[in-house]
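Note sheet for the following structure.
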Amino acid sequence: MNIKLYLKKTILFPLKTGRKLGYFLLLTFYVLKSKIIKPQKNNFTFILRSYAIDADTEETIRQVINDSRFDKLYIITNSTCKTNDLLKRFEFNNNITGVLGKKDILEITRVLINSKLVITSDSGKNYLIAARLTGTKVVKIPHGVTFKTTGRFKKTKKYLFSLNYFAWDKYSVSSELHLIRQAASIPYIFDKLCVLGLPRFDKFNLIIEKNKNVDLRLENNFKVLFAPTHSSSSKHLIKKFISTNLNDLLSNNNGKILIRTHIVDRLTNTDINVAELAGSDIYPSLSELFTQIDVLVTDISSIYVDSLPFDIPIIFIDALRDRRTIDNEFIFPGPVVNTEQELCHEINQLIKGVDKYECNRNVNSKLMLAKGKNKLFIERCCNELAL
């Protein structure tokens with residue numbers, strides 16, 4: 001007899017079933033209670049995708065602190081310890097009422113039901129559905145513009161239907177083109193999509209406006225940011241595209257390489273011998289990096305859209321070997337390289353001042369980023385949801 005299978009059927013399955021049943025009864029109790037005793041609805045809650053404080057989280061918190069509609073501010077995270085450590089680096093740390101772990105179901109449910117607005121970068125959860133039944137408004141923000149799954153519709157339950165649909169009031173996107181790409185990726189959310197923008201672009205715009213007459217690249221050297229996504233092996237790409245040839249080219253031109261991996265990747269300095277590691281969950285954040293670099297090197301990733309407000313030259317590595325019937329010169333405003341030699345050539349051209357894709361970046365910026373939205377993200381959400 002398989003002992004593991006026996007234990008799973010006789011012990012683990014009843015425990016999991018009992019926990020889910022108890023959780024369902026708890027949510028039902030809270031929903032019914034809210035119909036009798038109306039919750040105050042004066043909280044704001046941000047649900048993190050993991051535990052890191054990214055540009056979206058940072059800018060949203062700054063906006064909420066200055067908004068009189070909210071009395072208390074909560075953050076829900078995968079790791080309270082790691083998030084609290086990161087929050088210490090921000091001056092708004094003392095304005096946060098509480099940081100809750102995602103396993104604190106009882107406290108999370110209480111906080112969400114008393115929240116007027118919830119912004120989540122995480123997937124939909126049952127407690128969000130329960131909170132919405134009590135009148136809490138929920139807006140989902142994606143981690144970036146969709147590229148890899150656009151047009152790859154799958155006839156599976158996950159793509160045809162999901163309970164996430166009931167967890168959100170709105171799914172915010174950065175522009176009309178972003179809306180189309182997101183709808184092609186996840187069809188069932190089409191009527192939830194709304195061009196409310198993304199908080200990070202409010203932060204980027206403030207940085208650019210504040211420093212429009214200042215040279216932010218104080219160091220007189222040429223910086224290359226290498227930022228692959230988690231869909232490709234970071235170590236493999238580093239080994240393939242970053243070697244002594246590229247390092248010599250940059251050294252001869254007073255340059256350097258910065259490596260920033262996706263948050264799900266974990267690289268250490270021992271994995272990189274010719275570059276500097278810029279961690280994914282520590283400063284400098286992307287907004288600070290964008291003000292200092294001279295060229296972005298990435299694969300098919302939404303990070304390039306984040307860089308558009310800063311007008312940084314972009315080089316795409318064809319790591320996935322799949323251009324997906326997309327006109328790269330139009331949608332992707334930069335050359336696509338397959339080898340280290342091609343990468344060195346394109347970087348050398350930029351060092352010489354040859355930037356052939358400046359017009360393409362300008363077109364991309366107009367397509368990918370919403371224009372004419374003078375209000376900040378939180379205000380746009382509140383107006384859309386009539387809060």
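Nothing in this text is a laboratory measurement; each read-out follows from the coordinates by a stated rule. Small disclaimer: the values here were computed from a predicted structure and weren't measured. Counting neighbours? That spans all protein chains shown, and the Cβs are built from the backbone with ideal geometry, glycine included.
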Can you list residues whose amide H is under 5 Å from VAL337's amide H, if they're 5+ apart or on another chain and H is modeled 1.01 Å from N? PHE316, ILE317, ASP318
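Please report LYS352, LYS82 as a ranked list, fewest other C-beta atoms within 10 angstrom at the top and most at the bottom. Numbers along the way, then the final one.
Details: LYS352 9, LYS82 15.
Fewest-to-most Cβ neighbours within 10 Å comes out as LYS352, LYS82.
What does the extension gain come out to for LYS256 and VAL354, with contour length at 0.36 nm per residue minus their alpha carbon separation? Each step should come with its number before you reach the end.
On the way: separation 98, 0.36 × 98 = 35.28 nm, distance 1.90 nm.
Length difference between fully extended and current span is 33.4 nm.
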Stretch SER79-ASN247 to full length: gain in nm at 0.36 nm per residue minus the Cα-Cα span? 56.8 nm
For TYR171, what residues show an amide H to amide H distance below 5 Å, using hydrogens built from the backbone and excluding near sequence neighbours? LYS140, LEU193, CYS194
Would you please give the residues with an amide H less than 5 Å from that of LEU100, counting only those at least 5 places away or on a separate chain, with H modeled from the backbone geometry? ILE75, ILE76, THR77
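Which FRET efficiency, nearest 0.05, do TYR165 and LYS375 yield, Cβ-Cβ r, R0 35 Å? Could you put the intermediate results ahead of the total?
Details: r = 27 Å, r/R0 = 0.78.
Taking R0 as 35 Å, the efficiency between TYR165 and LYS375 is 0.80.
What does the extension gain come out to for ILE208 and ASN221, with contour length at 0.36 nm per residue minus their alpha carbon separation?
Working: separation 13, 0.36 × 13 = 4.68 nm, distance 2.06 nm.
Working it through step by step, the gained length comes to 2.6 nm.
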For the range 138-144, in order, what is each residue's ³J(HN,Hα) by Karplus, 6.51 cos²θ - 1.76 cosθ + 1.60 with θ = phi - 60°, in whole Hz (x at glycine and Pro)? 10, 10, 9, 10, x, 6, x
Hey, what does the equivalent ellipsoid look like for the range 42-111, semi-axes from the Cα gyration tensor as sqrt of 5 times each eigenvalue, largest first, whole Å? 17, 16, 10
Pop out the ³J(HN,Hα) list for the range 86-96 in order, Karplus 6.51 cos²θ - 1.76 cosθ + 1.60 with θ = phi - 60°, rounded to Hz; leave Gly and Pro as x. 6, 5, 4, 7, 10, 5, 7, 3, 6, 8, 8
